[in-house]
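Okay, structure first, notes after.
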There are 2 protein chains.
Amino acid sequence: MLGIEETAYYIPEKRVSNFNRKEKFGIGDEFIRNKIGVEEIAVKSDLENTSDMCIAAYKKLKEKIEINNQDIDVVIVVTQNPDYSIPQTSAILHGVLGFKDECASFDISLGCSGFVYGLSVITSFMKANKFKKGLLFTADPYSKIVDPADKNTSLLFGDAATVTLITENPVFIAQDFVFGTNGACYKDLICENNTLYMNGRGIANFAIKIVPKDILALLERNNLEKEDIDKYLIHQGSKFIVDSLSKKIGLDESKVMYDISLYGNTVSSSIPILIEKIIKDESVDLALGSGFGVGLSWANVLLKRVR
Amino acid sequence: MLGIEETAYYIPEKRVSNFNRKEKFGIGDEFIRNKIGVEEIAVKSDLENTSDMCIAAYKKLKEKIEINNQDIDVVIVVTQNPDYSIPQTSAILHGVLGFKDECASFDISLGCSGFVYGLSVITSFMKANKFKKGLLFTADPYSKIVDPADKNTSLLFGDAATVTLITENPVFIAQDFVFGTNGACYKDLICENNTLYMNGRGIANFAIKIVPKDILALLERNNLEKEDIDKYLIHQGSKFIVDSLSKKIGLDESKVMYDISLYGNTVSSSIPILIEKIIKDESVDLALGSGFGVGLSWANVLLKRVR
């Protein structure tokens with residue numbers, strides 16, 4: 001069965017502190033620490049492009065596990081901030097990393113739900129085409145499109161890339177997925193004239209309304225109680241959103257991961273970064289990942305450790 | 001088994017004649033008719049966006065077959081010219097067409113190989129998630145990015161959108177696929193500063209070198225001779241490329257479709273437009289689709305009529 005064998009991430013070194021922007025945005029420590037829950041954001045260098053960040057993540061993956069580049073059968077990049085609109089960033093990675101001619105490659109355009117979608121797409125595509133080794137990248141450097149003067153976005157989003165190795169020797173398999181879309185509200189998170197606009201309240205209301213019932217439905221149809229899940233990997237949109245969702249669903253706080261205070265909301269990279277932190281933790285048998293945002297779109301996945 | 005039940009396309013009415021541009025580009029009738037094989041290109045109106053073209057194609061689909069919008073489980077749009085970089089165009093379609101909340105949606109970023117890839121992605125994703133009805137759109141209006149003064153691109157590319165209905169009641173099933181990437185040459189077809197650049201010779205050389213052997217390999221592993229295929233749906237890049245590939249492979253000319261002289265190279269829409277033309281033709285049992293271009297990327301599919 002195909003699943004996640006290993007994962008790695010790259011977060012650029014450079015940080016911009018939100019404490020240094022308190023006066024500019026008229027905010028206090030309480031807002032920074034407990035509302036948005038982001039003390040500083042990670043920002044890529046101007047010389048770094050999306051593909052460079054993916055390559056940096058792949059380098060870290062190769063430090064953890066031996067991979068022969070010639071064995072890779074498919075490369076998928078989840079991004080809405082590619083190097084170019086044409087070609088797809090996966091092709092650029094293919095060229096730079098010298099993958100074989102027979103390697104399939106394409107990009108998926110999705111935001112914060114992108115990793116969960118990508119996990120279903122890559123595993124089903126690999127299974128159908130009898131592929132053995134695949135790479136799922138996420139990299140959505142919002143620093144390319146965030147207006148530094150926009151309080152709603154510039155305090156929140158950080159840059160990162162991740163790569164997940166999919167093989168027939170998995171540590172986690174995806175046992176079940178649930179997907180959804182509310183396209184009518186797509187303007188709540190949109191990039192126009194190369195600038196991101198976010199209706200933060202709209203997104204939060206949508207997530208709090210939609211996500212809990214879908215998580216509970218996913219549990220129910222797999223005959224699970226919420227206590228059966230060892231870790232909840234809720235998209236790290238902000239501390240407010242993670243706390244609100246946990247409370248609404250009634251989750252044990254110790255099971256809900258929160259990790260982004262020192263790098264920010266990394267869009268489709270937030271869930272795979274959390275997976276990296278639990279993949280070696282044998283106490284985690286079952287994890288539930290929940291991505292939501294751009295689209296508006298959401299996707300939940302039940303991850304089960306293979307014993 | 002999941003496959004293609006019906007398909008429809010939309011080509012904007014407006015045409016720009018290449019005969020009226022002979023002087024401007026220093027070209028003659030022979031070049032127009034037999035080299036590029038495009039007499040006029042279809043151009044969308046300035047008021048029309050990518051999602052509008054998809055909706056026009058969907059309207060045509062609904063004229064052919066009854067579809068309840070609430071039955072659609074997944075919408076995928078293949079494009080590299082979306083309405084916005086954020087959100088994905090599939091979400092906009094979801095909103096406008098009023099699909100259900102449980103409908104999954106995402107975009108795939110690929111060029112001329114996009115429909116064949118998309119067909120594998122949507123069928124495998126649907127199978128894995130037990131979905132019954134899906135829509136695969138293609139829409140890549142290059143008029144958004146073509147420089148009217150660029151002879152290499154402005155005589156060639158036309159605007160179109162297609163939609164393919166995937167169900168468990170198929171007319172054609174995809175029996176086998178083969179994919180490939182040559183990322184090292186990605187600069188041969190690239191959009192920089194919102195303008196398309198194409199190294200036509202580079203793309204042609206790549207296609208003539210790579211595509212024939214992959215088509216023959218696909219036939220061989222399915223125990224087929226090239227004569228067993230009733231129609232070849234080669235990406236309609238230009239007359240030169242379709243003729244060159246047919247000759248190189250040694251195909252019977254009458255089996256090779258060529259259709260674009262009155263609307264142009266429509267990127268990922270070119271193969272599904274050809275499928276629309278043969279779906280009701282019972283004499284076509286086996287068809288072979290071959291897409292290649294942006295990436296550089298290619299994908300071949302063997303389509304079999306369900307009897």
Hits in region B:36-82 (condition: acidic (Asp, Glu) and either within 14 Å of chain A (Cβ to nearest Cβ) or under 21 Å from B:GLY118 (Cα atoms) (or both)): B:ASP52, B:ASP71, B:ASP73
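Suppose the filter is modelled with pLDDT under 95 and surrounded by 24 or more Cβ atoms within 10 Å (Cβ to Cβ); does B:VAL294 pass it?
yes
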Within region A:122-137, residues under 21 Å from the mean Cα position of the chain (by Cα) and either crowded, with 22+ Cβ neighbours inside 10 Å or part of a helix (DSSP H, G or I) (or both) come out as A:ILE122, A:THR123, A:SER124, A:PHE125, A:MET126, A:GLY134, A:LEU135, A:LEU136, A:PHE137
By residue number, the members of region A:125-139 that are touching a residue at least 40 places away in the same chain (Cβ under 8 Å) and more than 9 Å from chain B (Cβ to nearest Cβ) are A:PHE131, A:LYS132, A:LYS133, A:GLY134, A:LEU135, A:LEU136, A:PHE137, A:THR138, A:ALA139
Evaluate the following for A:LYS100: is it farther than 19 Å from A:PHE177 by Cβ and surrounded by fewer than 24 Cβ atoms within 10 Å (Cβ to Cβ)? yes
Anything in region A:44-59 that is in a helix (DSSP H, G or I) and either of a type in the set (Asp, Glu) or more than 17 Å from the chain's Cα centre (by Cα) (or both)? List them, or say none. A:ASP52, A:LYS59
Residue count, region A:10-37, condition in contact with a helix residue (DSSP H, G or I) (Cβ under 6 Å, 6 or more places away or on another chain) and in a loop (DSSP other than H, G, I, E, B), comes to 2
Over region B:83-97, the set of residues within 8 Å of chain A (Cβ to nearest Cβ), surrounded by fewer than 24 Cβ atoms within 10 Å (Cβ to Cβ) and either modelled with pLDDT under 95 or not in a helix (DSSP H, G or I) (or both) is B:TYR84, B:SER85
Before we move on, is B:PHE115 within 11 Å of another protein chain (Cβ to nearest Cβ) and not charged (D, E, K, R)? no
Scanning region B:163-201 residue by residue, the ones that are in contact with a Cys (Cβ under 9 Å, 6 or more places away or on another chain) and either more than 21 Å from B:TYR117 (Cβ to Cβ) or in the same structural domain as B:GLY134 (by TED's automatic domain parsing) (or both) total 3
Can you pull out every residue in region B:1-43 that is touching a residue at least 12 places away in the same chain (Cβ under 8 Å) and aromatic (Phe, Trp, Tyr)? B:TYR9, B:TYR10, B:PHE19, B:PHE25
Specify the residue that is surrounded by the fewest Cβ atoms within 10 Å (Cβ to Cβ); the eligible residues are those in region B:217-265 that are of a type in the set (D, E, K, R) and under 25 Å from B:LEU110 (Cβ atoms). B:ARG221
Checking the structure you have, find out if any residue of region B:172-189 is closer than 26 Å to B:LYS35 by Cα, surrounded by fewer than 20 Cβ atoms within 10 Å (Cβ to Cβ), within 14 Å of another protein chain (Cβ to nearest Cβ) and not hydroxyl-bearing (Ser, Thr, Tyr). yes
Can you find a residue that is out of contact with any Asp or Glu (no Cβ under 9 Å at 6 or more places or on another chain) and within 12 Å of another protein chain (Cβ to nearest Cβ) anywhere in region B:147-156? no
Identify all residues within region B:69-82 that are out of contact with any Lys or Arg (no Cβ under 9 Å at 6 or more places or on another chain) and either surrounded by fewer than 21 Cβ atoms within 10 Å (Cβ to Cβ) or outside any loop (DSSP other than H, G, I, E, B) (or both); write none if there are none. B:VAL75, B:ILE76, B:VAL77, B:VAL78
For residues that are within 17 Å of the chain's Cα centre (by Cα) and among the aliphatic types (A, V, I, L, M), scanning just region A:138-159, find the one that is nearest to A:GLY37 (Cα to Cα). A:LEU156
Out of all the residues in region B:276-283, is one or more among the aliphatic types (A, V, I, L, M) and closer than 28 Å to B:VAL163 by Cα? yes
Residue check, A:ILE166 at the interface with another protein chain (Cβ under 8 Å from one of its Cβ atoms) and outside any helix (DSSP H, G or I): no
Could you give me the residue pairs with C-beta distances under 7 Å whose first residue belongs to region B:192-206 and is among the polar types (S, T, N, Q), whose second residue is modelled with pLDDT of 90 or more and assigned to a loop (DSSP other than H, G, I, E, B) wherever it lies, and which are 6+ apart or on separate chains? B:ASN194/B:ILE145; B:THR195/B:ILE145; B:THR195/B:ASP147
Filter result (of a type outside the set (A, V, I, L, M, F, W, C), more than 20 Å from the chain's Cα centre (by Cα) and under 22 Å from B:VAL267 (Cα atoms)) within region B:22-43: B:ARG33, B:ASN34, B:LYS35
Conditions (1) touching a Leu at 6+ places or on another chain (Cβ under 9 Å); (2) under 30 Å from A:LYS187 (Cβ atoms); (3) among the aliphatic types (A, V, I, L, M): number failed by B:ILE41: (2)
Can you name every residue in region A:279-300 that is within 11 Å of chain B (Cβ to nearest Cβ) and either in a strand (DSSP E or B) or among the aromatic types (Phe, Trp, Tyr) (or both)? A:GLY293, A:SER297, A:TRP298, A:ALA299
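The values are calculated or read from the model by the stated rules, or taken from the named source; none is laboratory data. Remember, it's a predicted structure, so these values are computed and weren't measured experimentally. So basically every Cβ, Gly included, is an ideal-geometry build from the backbone, and we count neighbours across all protein chains shown.
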